[in-house]
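Read through the structure below, which is laid out as structure tokens, and then see the notes.
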Amino acid sequence: MKEESRCSFCVKLFKWFPVLFITAVIGWSYYSYVIQLCFLTVEDMDEKVCYLITYHPLLVLFLWSYWQTIFTDVYSIPKQFKIPAAEFEKLQKEPNEENQRRLLEQLSTDLPVLCRTFSGAIRVCEKCRMIKPDRAHHCSVCGKCVLKMDHHCPWVNNCVSFSNYKFFILFLGYALVYCVFISLTTLQYFIKFWTNNLKGYGKFHILFLFFVAVMFAISLVSLFGFHCYLIIANRSTLESFRPPVFRMGPDKNGFSIGRYQNFIQVFGNDKVKWFLPVHTSLGDGVAFPQRPRDEDTDSLLNPRQHHCEEVGDEEDLSSPEQTSDLLPLQTDLRSTKQQL
Ligand SMILES: [Zn+2]
Ligand SMILES: [Zn+2]
């Protein structure tokens with residue numbers, strides 16, 4: 001037992017390494033920028049004050065968003081989605097698929113569930129023994145079902161989901177602005193380094209600060225751009241690879257209610273709070289507005305059949321979701337595809 005708890009402690013500690021790494025990089029960037037660049041290298045007082053006055057609010061917003069993304073817990077699935085033990089046993093013992101499906105429909109009569117599996121059944125998580133709310137998925141790292149799950153992010157050691165999606169977007173945005181600001185303001189001193197006009201030991205900090213800021217900015221621009229696209233389209237990362245399935249079949253735009261309204265769903269109606277990492281997302285994460293659909297057109301196109309041919313059977317799609325992000329988007333997308 002002792003061995004087991006020691007092991008789980010080691011796993012927990014290991015999961016914090018990416019967060020500690022990012023924190024250490026931010027700490028070092030503060031020392032290099034404020035002490036080495038602003039105090040010890042920049043000679044012009046106006047330039048120095050201008051850099052410091054812009055840098056600090058930006059750093060606060062960046063760290064605040066990062067903190068909120070890491071420490072905002074995923075919202076628990078409401079109790080009414082839990083399948084009673086007796087009913088769950090009955091479900092497992094039921095050999096007939098049609099009867100299983102009917103039982104699940106009965107269990108979900110009062111629940112706001114619109115999404116289905118590819119075979120048209122109500123979605124169930126066998127690990128949590130509950131009916132999955134729309135857009136919820138089981139995260140193997142967190143070990144539970146997560147409302148509007150986007151992906152599990154090792155860089156924040158948390159699931160990016162309904163509860164912290166806005167914070168995650170702001171974190172990416174502020175991190176990008178932070179890196180671009182550092183890159184632009186260190187550029188002239190980076191050039192001085194190569195022309196031997198920069199003296200002292202601190203010049204190496206400024207050199208590496210420029211390199212690291214540019215490297216992170218390049219990684220972030222694609223990831224941030226991808227998530228901006230997802231917000232406008234009202235899709236999660238998982239849904240961008242596996243469209244949600246409704247009664248009439250899969251529909252990648254099923255939750256899209258117009259670009260501006262999609263944005264409002266994540267950022268809320270209060271414009272003052274749009275750029276602050278405080279919770280303003282609309283809804284409860286359980287039920288989502290759906291786009292008006294033309295059912296006749298849907299059934300004529302028969303998208304379910306078309307999609308099943310494309311992606312294979314449901315068994316392949318039921319694996320848990322985990323993706324990594326921040327550093328090369330390509331790796332992020334590839335790993336998500338593999339897991340789907
Ligand atoms: Zn689950
Ligand atoms: Zn997770």
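What follows is calculated from the coordinates using simple rules that are stated; it is not laboratory data. The structure displayed is predicted, hence computed values, not measured ones. When we count neighbours, we look across all protein chains shown, and the Cβ atoms used for this are built from the backbone with ideal geometry, even at glycine.
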Gain in span if fully extended, VAL11 to GLN106, counting 0.36 nm per residue against the direct Cα distance:
30.1 nm
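What does the net charge come to around GLU94 if you take all other residues with beta carbon closer than 14 Å to its beta carbon, with K and R at +1 and D and E at -1? Kindly include the intermediate steps, with their values, before the conclusion.
Details: positive: LYS90, LYS93, ARG101, ARG102; negative: GLU87, GLU89, GLU97, GLU98, GLU105, GLU126.
Net charge around GLU94: -2.
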Mind telling me which of ASP134, ASP284, ASP150 comes out most flexible in a GNM of the chain, alpha-carbon contacts under 10 Å?
ASP284
Treating the angle as unsigned and between 0 and 90°, give the value, to the nearest 10°, between the Cα long axis of helix 203-233 and the longest Cα principal axis of the chain.
30 degrees
Cross-chain or 8 or more residues apart, Cα under 16 Å: how many lysine pairs in segment 1-135 fit that? Count them up, please.
7
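Magnitude of the Cβ-charge dipole of the chain, K/R +1 and D/E -1, about the Cα centre, nearest 20 debye? Can you show the working numbers first?
Values: 35 positive and 34 negative charges, 158 e Å.
Its charge dipole is roughly 760 debye.
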Calculate the spin-label point distance for PHE71 paired with LYS199, positioning each point 7 Å from the Cα along the beta-carbon direction, and give it in nanometres.
4.5 nm
Can you give me the long-range amide H partners of ARG116? Hydrogens built in the peptide plane at 1.01 Å from N, cutoff under 5 Å, separation of 5 or more residues or another chain.
VAL245, PHE246
Mean-square fluctuation check for the chain, GNM, Cα pairs under 10 Å: which of VAL74, VAL25, VAL245 is largest?
VAL25
Using Cα pairs closer than 8 Å and at least 6 residues apart in sequence, work out the relative contact order for the chain, in percent.
20 percent
Subtract the Cα-Cα distance of GLU3 and PHE226 from 0.36 nm times their separation in residues, and report this length gain in nm to one decimal.
76.0 nm
Between ILE35 and ASN269, what is the label-point separation in nm under the 7 Å Cα-to-beta-carbon projection?
4.9 nm
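Which ordering of THR41, THR117 is given by a fewest-first count of other beta-carbon atoms within 10 Å? Write out the running numbers ahead of the final one.
Values: THR41 19, THR117 16.
Going from sparsest to densest Cβ surroundings: THR117, THR41.
Could you list CYS50, CYS38, CYS179 so that the one with the fewest beta carbons within 10 Å of its beta carbon is first and the one with the most is last?
Fewest-to-most Cβ neighbours within 10 Å comes out as CYS50, CYS38, CYS179.
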Assertion target for MET149, MET130, ordered by fewest C-beta neighbours within 10 angstrom first, is MET130, MET149
Highest-MSF residue in the chain out of TYR165, TYR30, TYR260 [GNM, Cα springs under 10 Å]
TYR260
